[in-house]
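Undergrad: Shown below is the structure under consideration.
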Amino acid sequence: MAVDPRRVGLHVLLVHGMGRTPLSMLGLAHELRGDGHAVSSAGYVAAWEPVDQIVARLHARLAQLATEEAPYVVIGHSLGGVLLRAALARTPELPSLPRHLIMLGTPNQSPRLAGRVRRFWPYQWLSGEAGQLLADSEFLATIPAPRIPHTIIAGTGGPRGTWSPFGGEPNDMIVAVSETRCAPGDPVIELPVRHTFMMNDRRVRQIIRDLLAP
């Protein structure tokens with residue numbers, strides 16, 4: 001259904017992370033609706049859906065939003081950000097692009113933890129093809145850098161030290177800050193939050209709301 005721009009600000013599409021569902025983004029969706037935005041979600045099951053199938057469905061959803069009157073933005077948590085980047089780069093080109101892409105803890109570089117656990121069957125069972133592709137730096141390198149304004153929010157609430165898999169590098173327990181950059185010079189907003197529930201943090205939500213404000 002088309003969105004009446006006289007009644008709402010933007011149409012915001014939320015894409016959750018691996019092993020989660022659209023329910024994980026409900027709190028953020030509620031706040032954005034309170035700000036006058038229309039909000040919808042795109043779901044997937046990484047454990048058994050091929051990545052190309054997920055990306056194709058997401059591309060079709062973006063193409064639908066691109067035909068509506070209201071401008072749209074996209075927000076992805078973790079793997080959701082990678083899937084959005086892949087969908088934005090897919091052909092045919094979208095009629096219009098989102099005004100903004102916001103990525104929360106997205107591993108835009110191959111995360112070292114995925115490389116360490118990719119051969120363990122529990123990880124393979126829970127993450128499916130997507131989990132294996134995240135451990136493949138060549139796959140992530142095939143996804144072009146976003147051609148639209150984008151914001152990366154990364155967590156620094158993870159452990160650091162000689163016993164940590166991240167050493168002294170800031171991380172959110174799953175993804176290092178350096179692994180969230182699409183390119184080496186990308187600016188990153190760092191907050192002392194952890195990966196899994198960062199979308200529920202009031203500081204993360206406020207940054208998102210400020211980015212989407214008129």
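The values are calculated or read from the model by the stated rules, or taken from the named source; none is laboratory data. Just so we're clear, the structure is a prediction, and the values are computed from it rather than from any experiment. All Cβ positions, glycine included, derive from the backbone under ideal geometry; neighbour counts span all protein chains shown.
Undergrad: With the checklist (1) touching a strand residue (DSSP E or B) at 6+ places or on another chain (Cβ under 6 Å); (2) among the hydrophobic types (A, V, I, L, M, F, W, C); (3) assigned to a helix (DSSP H, G or I); (4) over 22 Å from ALA176 (Cα atoms) in hand, flag the one item ALA56 doesn't pass.
TA: The failed condition is (1).
Undergrad: Report, by residue number, each residue of the range 116-148 that is touching a strand residue (DSSP E or B) at 6+ places or on another chain (Cβ under 9 Å) and crowded, with 16+ Cβ neighbours inside 10 Å. Before the answer, list the steps.
TA: Pass one, the range 116-148, residues touching a strand residue (DSSP E or B) at 6+ places or on another chain (Cβ under 9 Å): 146, 148.
Listed by number, the list holds a single entry, PRO146.
Undergrad: Something else: For PRO107, all conditions in the list (1) modelled with pLDDT of 95 or more; (2) surrounded by fewer than 19 Cβ atoms within 10 Å (Cβ to Cβ); (3) out of contact with any strand residue (DSSP E or B) (no Cβ under 7 Å at 6 or more places or on another chain); (4) not in a helix (DSSP H, G or I) hold save one; what is the number of the exception?
TA: Unmet for PRO107, out of (1) modelled with pLDDT of 95 or more; (2) surrounded by fewer than 19 Cβ atoms within 10 Å (Cβ to Cβ); (3) out of contact with any strand residue (DSSP E or B) (no Cβ under 7 Å at 6 or more places or on another chain); (4) not in a helix (DSSP H, G or I): (2).
Undergrad: Restricting attention to the range 131-148, and to residues there that are free of Cβ contacts under 8 Å to residues at least 24 places away in the same chain and of a type in the set (S, T, N, Q), which single residue is farthest from PHE197 (Cα to Cα)?
TA: THR142
Undergrad: Then there's this: Among the numbered criteria (1) over 15 Å from the mean Cα position of the chain (by Cα); (2) among the charged types (D, E, K, R); (3) in a helix (DSSP H, G or I), which single criterion is violated by ARG85?
TA: (1)
Undergrad: Among the residues of the range 149-166, which ones are out of contact with any strand residue (DSSP E or B) (no Cβ under 7 Å at 6 or more places or on another chain) and either touching a residue at least 24 places away in the same chain (Cβ under 8 Å) or assigned to a strand (DSSP E or B) (or both)?
TA: Selection gives PRO149, GLY157, PRO165.
Undergrad: For residues in the range 56-87 being of a type in the set (A, V, I, L, M) and surrounded by fewer than 17 Cβ atoms within 10 Å (Cβ to Cβ), which is nearest to PRO214 (Cα to Cα)? First the steps, then the outcome.
TA: At the first step, the residues of the range 56-87 found to be of a type in the set (A, V, I, L, M) are 56, 58, 60, 62-63, 65-66, 70, 73-75, 79, 82-84, 86-87.
From what's left, surrounded by fewer than 17 Cβ atoms within 10 Å (Cβ to Cβ): 56, 60, 63, 66.
Numbers: ALA56: 31, ALA60: 27, ALA63: 24, ALA66: 19 Å.
Looking at residues that are of a type in the set (A, V, I, L, M) and surrounded by fewer than 17 Cβ atoms within 10 Å (Cβ to Cβ), I get ALA66.
Undergrad: Pick from GLY76, GLY19: which is under 26 Å from ASP136 (Cβ atoms), modelled with pLDDT under 95 and either among the basic types (Lys, Arg) or not in a helix (DSSP H, G or I) (or both)?
TA: Details: GLY76 fails: modelled with pLDDT under 95.
Testing whether each residue is under 26 Å from ASP136 (Cβ atoms), modelled with pLDDT under 95 and either among the basic types (Lys, Arg) or not in a helix (DSSP H, G or I) (or both) leaves just GLY19.
Undergrad: Another one. Is there a residue in the range 35-45 that is closer than 26 Å to ASP136 by Cα, at pLDDT 95 or above, within 16 Å of the chain's Cα centre (by Cα) and of a type in the set (Phe, Trp, Tyr)? Steps first, answer last, please.
TA: Here is the first cut: in the range 35-45, the ones closer than 26 Å to ASP136 by Cα are 42-45.
After this cut, where a residue has to be at pLDDT 95 or above as well, the list is 42-45.
Checking which are within 16 Å of the chain's Cα centre (by Cα) leaves us with 42-45.
In the following step, the residues that additionally are of a type in the set (Phe, Trp, Tyr) were identified as 44.
Among the residues of the range 35-45, at least one is closer than 26 Å to ASP136 by Cα, at pLDDT 95 or above, within 16 Å of the chain's Cα centre (by Cα) and of a type in the set (Phe, Trp, Tyr), which makes the answer yes.
Undergrad: Within the range 28-47, which residues are part of a loop (DSSP other than H, G, I, E, B) and either touching an Asp or Glu at 6+ places or on another chain (Cβ under 9 Å) or acidic (Asp, Glu) (or both)? Walk me through it before giving the result.
TA: Taking the range 28-47 as the starting set, the residues that turn out to be part of a loop (DSSP other than H, G, I, E, B) are 35-37, 43-47.
Result: ASP35, ALA46.
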